[in-house]
Amino acid sequence: MAFGLGIQAFGDGFRTVRSPGLRRYTWLPALVSLGVVAVGLWVTFGYMDALSAWLTDRLPDWLDFLGAVLTPILYLLGVLVGTWLFGFLAALIASPFLGDLSLAVERRHGSGPAAPPGLLAGAVGALGREGRKLLYHLPRLLGVFVLTLIPLINAAAPVLWFLFGAWTLAVQFADYPLENRGRPFRDTLTLLRANRAAALGFGACATLALAVPLVNFLLVPVAVAGGTLLWLRLDAQENP
């Protein structure tokens, strides 16, 4: 039930950003996402060419047939990993503009802080907030990476990475309403930890969408709207 609440919030976010009056808040984050993902994948494909050639040259003669299989697999991995990674990076870069979208979504639902910060103060605050999130995410990223190197445990690596991505994106996108209110980042973590299933339901949808090329550049505004709705609903449950 709680897991479904997160899924519903993500779907409602998609419908919300298409509403009249909110579209003007979505085009800039979407363009930033498209640019970052396009450049990121272009760079990734360049490295994939070099990596594919390097691995193919080192195959023994009797395994030459694997070269035809190895290259498509490498490109597929590059697309899947690259789109997620650069989509997340796009969300970080576009963060100064996303608070306004979150605020517009809140006000559409009859809530929101009375006096949001000015443009300069908001941009500085947003960048500082993203730095705080990175300090939270990076040790956990390292921990998951280390676990994937341990024999037997690494058999569960795909599940671990998926859960890590889902939690990371839930934290990322549900934080904007609290940032607009000037509340500390730990308040976001407290609420999501108390509603972990709902957070993972939302994050699972975001993770899957972020891995789909041409769809992921639209994800950032959708996920901001959905994360805002998720926070509103969880906060209403915690503080009726």
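Would you pick out the residues in the stretch 101-131 that are charged (D, E, K, R) and modelled with pLDDT of 80 or more? If you could, list the steps in order and put the result at the bottom.
We begin by selecting, within the stretch 101-131, every residue charged (D, E, K, R); these are 106-108, 129-130.
Within the stretch 101-131, Glu106, Arg107, Arg108 meet the criteria.
Do we find that Leu98 is crowded, with 16+ Cβ neighbours inside 10 Å, in contact with a Gly (Cβ under 7 Å, 6 or more places away or on another chain), modelled with pLDDT of 75 or more and not in a loop (DSSP other than H, G, I, E, B) in this structure?
no
What number of residues in the stretch 1-33 are small (Gly, Ala, Ser), in contact with a Pro (Cβ under 9 Å, 6 or more places away or on another chain) and under 15 Å from Glu106 (Cα atoms)? First the steps, then the outcome.
Taking the stretch 1-33 first, the residues small (Gly, Ala, Ser) are 2, 4, 6, 9, 11, 13, 19, 21, 30, 33.
Among the residues that remain, those that are also in contact with a Pro (Cβ under 9 Å, 6 or more places away or on another chain) are: 13, 30, 33.
Cutting the leftovers down to under 15 Å from Glu106 (Cα atoms) gives us 13.
Going through the stretch 1-33 one residue at a time, the tally reaches 1.
Which one is nearest to Trp231 (Cα to Cα) among residues in the stretch 166-191 that are touching a Gly at 6+ places or on another chain (Cβ under 9 Å) and hydrophobic (A, V, I, L, M, F, W, C)?
Ala174
Would you say Leu229 is closer than 22 Å to Arg108 by Cβ and either in a helix (DSSP H, G or I) or touching a residue at least 12 places away in the same chain (Cβ under 8 Å) (or both)?
Values: closer than 22 Å to Arg108 by Cβ: yes; either in a helix (DSSP H, G or I) or touching a residue at least 12 places away in the same chain (Cβ under 8 Å) (or both): yes.
The answer is yes for Leu229.
Within the stretch 1-33, count every residue that is buried (at least 18 other Cβ atoms within 10 Å of the Cβ) and among the aromatic types (Phe, Trp, Tyr).
2
Would you say Arg233 is surrounded by fewer than 24 Cβ atoms within 10 Å (Cβ to Cβ) and either under 24 Å from Gly11 (Cβ atoms) or aliphatic (A, V, I, L, M) (or both)? Reasoning before the result, please.
Numbers: surrounded by fewer than 24 Cβ atoms within 10 Å (Cβ to Cβ): yes; either under 24 Å from Gly11 (Cβ atoms) or aliphatic (A, V, I, L, M) (or both): yes.
Against the criterion (surrounded by fewer than 24 Cβ atoms within 10 Å (Cβ to Cβ) and either under 24 Å from Gly11 (Cβ atoms) or aliphatic (A, V, I, L, M) (or both)), Arg233 qualifies.
Looking at Leu189, is it out of contact with any helix residue (DSSP H, G or I) (no Cβ under 6 Å at 6 or more places or on another chain), part of a helix (DSSP H, G or I) and at pLDDT 90 or above?
Values: out of contact with any helix residue (DSSP H, G or I) (no Cβ under 6 Å at 6 or more places or on another chain): yes; part of a helix (DSSP H, G or I): yes; at pLDDT 90 or above: yes.
Answer is yes for this residue.
Which members of the stretch 155-197 meet the condition of being among the hydroxyl-bearing types (Ser, Thr, Tyr) and surrounded by fewer than 16 Cβ atoms within 10 Å (Cβ to Cβ)?
Result: Thr190, single match.
Answer yes or no: is there a residue in the stretch 203-223 that is surrounded by fewer than 18 Cβ atoms within 10 Å (Cβ to Cβ) and farther than 25 Å from Thr26 by Cβ.
Filtering the stretch 203-223 down to residues surrounded by fewer than 18 Cβ atoms within 10 Å (Cβ to Cβ) leaves 208, 212-215.
Keeping just the survivors that are farther than 25 Å from Thr26 by Cβ gives none.
Checked against the condition, which is being surrounded by fewer than 18 Cβ atoms within 10 Å (Cβ to Cβ) and farther than 25 Å from Thr26 by Cβ, the stretch 203-223 yields no hits at all.
When you go through Ala199, Ala206, Ala225 one by one, which is the residue that is within 11 Å of the chain's Cα centre (by Cα) and hydrophobic (A, V, I, L, M, F, W, C)? It would help to see each step written out before you state the result.
Numbers: Ala199 fails: within 11 Å of the chain's Cα centre (by Cα); Ala225 fails: within 11 Å of the chain's Cα centre (by Cα).
From the options Ala199, Ala206, Ala225, the qualifying one is Ala206.
Look through Leu200, Leu152, Leu142 and report the one residue that is surrounded by 16 or more Cβ atoms within 10 Å (Cβ to Cβ) and over 29 Å from Pro20 (Cα atoms). I'd like the intermediate steps shown before the answer.
Working: Leu152 fails: surrounded by 16 or more Cβ atoms within 10 Å (Cβ to Cβ); Leu142 fails: surrounded by 16 or more Cβ atoms within 10 Å (Cβ to Cβ).
Of the residues listed, the single one that is surrounded by 16 or more Cβ atoms within 10 Å (Cβ to Cβ) and over 29 Å from Pro20 (Cα atoms) is Leu200.
The values are calculated or read from the model by the stated rules, or taken from the named source; none is laboratory data. A quick note: this is a predicted structure, and the numbers were derived from the prediction, not measured. Ideal geometry is used to build each Cβ from the backbone, glycine not excepted, and the neighbour counts take in all protein chains shown.
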